[in-house]
1. Across segment 27-42, in residue order, what do the Karplus-derived ³J(HN,Hα) couplings come to in whole Hz, using 6.51 cos²θ - 1.76 cosθ + 1.60 with θ = phi - 60° and x for Gly and Pro?
2. State, as an integer percentage, the relative contact order of segment 9-137 based on alpha-carbon contacts under 8 Å between residues 6 or more apart.
3. I want to check a number: in the chain, how many lysine pairs have alpha carbons closer than 22 Å, given a sequence separation of 8 or more or different chains?
4. Amide H neighbours of residue 141 under 5 Å, counting only residues 5+ apart in sequence or on other chains, H built in-plane at 1.01 Å?
5. To the nearest 20 debye, what charge dipole does the chain have about its Cα centre, counting +1 at the Cβ of each Lys and Arg and -1 at the Cβ of each Asp and Glu?
6. What shape does the chain take by its C-alpha gyration tensor, where a ≥ b ≥ c are the square roots of the eigenvalues and a/c under 1.5 counts as rounded, a/b above b/c as prolate, and the rest as oblate?
7. Within the chain, which is the longest segment containing none of the trypsin sites (Lys or Arg not before Pro) that sit in a DSSP loop and have at most 16 other Cβ atoms within 10 Å?
8. Got a sec? How would 89, 61 order by Cβ neighbour count within 10 Å, fewest to most?
Amino acid sequence: MHELLIPDVAQIEAWLRQAGYEFWMCDRCDGLHISALQQLDGVLDSRLFIEPYGILFSTEMDLKLSTVMKLNAELGRFNASLPTMKLFMEIMDNGGALLVSSDALITTKGVTYDQFYDFLDMTVEAKKWLLNECHDLQVIFQGEAGSTAHQPEVAPSLH
């Protein structure tokens, strides 16, 4: 039987290396940024946080503000397809919109490397599926040249 561990940041870093996942830690947060998702078009942040209850895996996707209602209509389908993931939209003060997906692995009684790997691998694949669905719906902000993310869209007006 494998030893159950209550992982700390150093243990998670070792397990990420063992699993072949590239990651980094920035100076703005305590999260381990996961390159497999972070580098995808439309993903702003994708990180693992070590919390007292376990590991929180959070990913933020940049949305076109004009598509928030369209995406809201799809959240029920997404939630049914991704039963372990929590999905919600966040409208920011600067007029931007995010789709946040998070999942947690409870570690208070300990976990094995295999359990961590299964959690990580399944969650990465689920988040990639979600991002592809959002691209198909055309709700992801593409960052077109000359435009700025998170600026409200303004319709032309006649004077």
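Coordinate-derived values only; no laboratory data. Computed from a predicted model, the values in this text were never measured in an experiment. Reconstructed Cβ throughout: ideal geometry from the backbone, glycine too, with neighbour counts over all protein chains shown.
1. Listing the rounded values in order: 8, 9, 8, 9, x, 9, 6, 9, 4, 4, 9, 4, 7, 6, 4, x Hz.
2. Details: 172 pairs, mean separation 26.9, N = 129.
Answer for segment 9-137 is 21 percent.
3. Working: 64/86; 64/127; 64/128; 70/86; 70/127; 70/128; 86/127; 86/128.
Step by step, the pairs that qualify in the chain add up to 8.
4. 62, 63, 64
5. Values: 10 positive and 23 negative charges, 60 e Å.
My answer is approximately 280 debye.
6. On the way: a/c = 2.58, a/b = 2.03, b/c = 1.27.
Prolate shape, in that a/c is at least 1.5 and a/b is the bigger ratio.
7. Values: sites that count: 28, 109.
Here the longest segment lacking exposed loop sites spans 29-108.
8. Values: 89 15, 61 27.
Ordered from fewest to most neighbouring Cβ atoms within 10 Å, 89, 61 come out as 89, 61.
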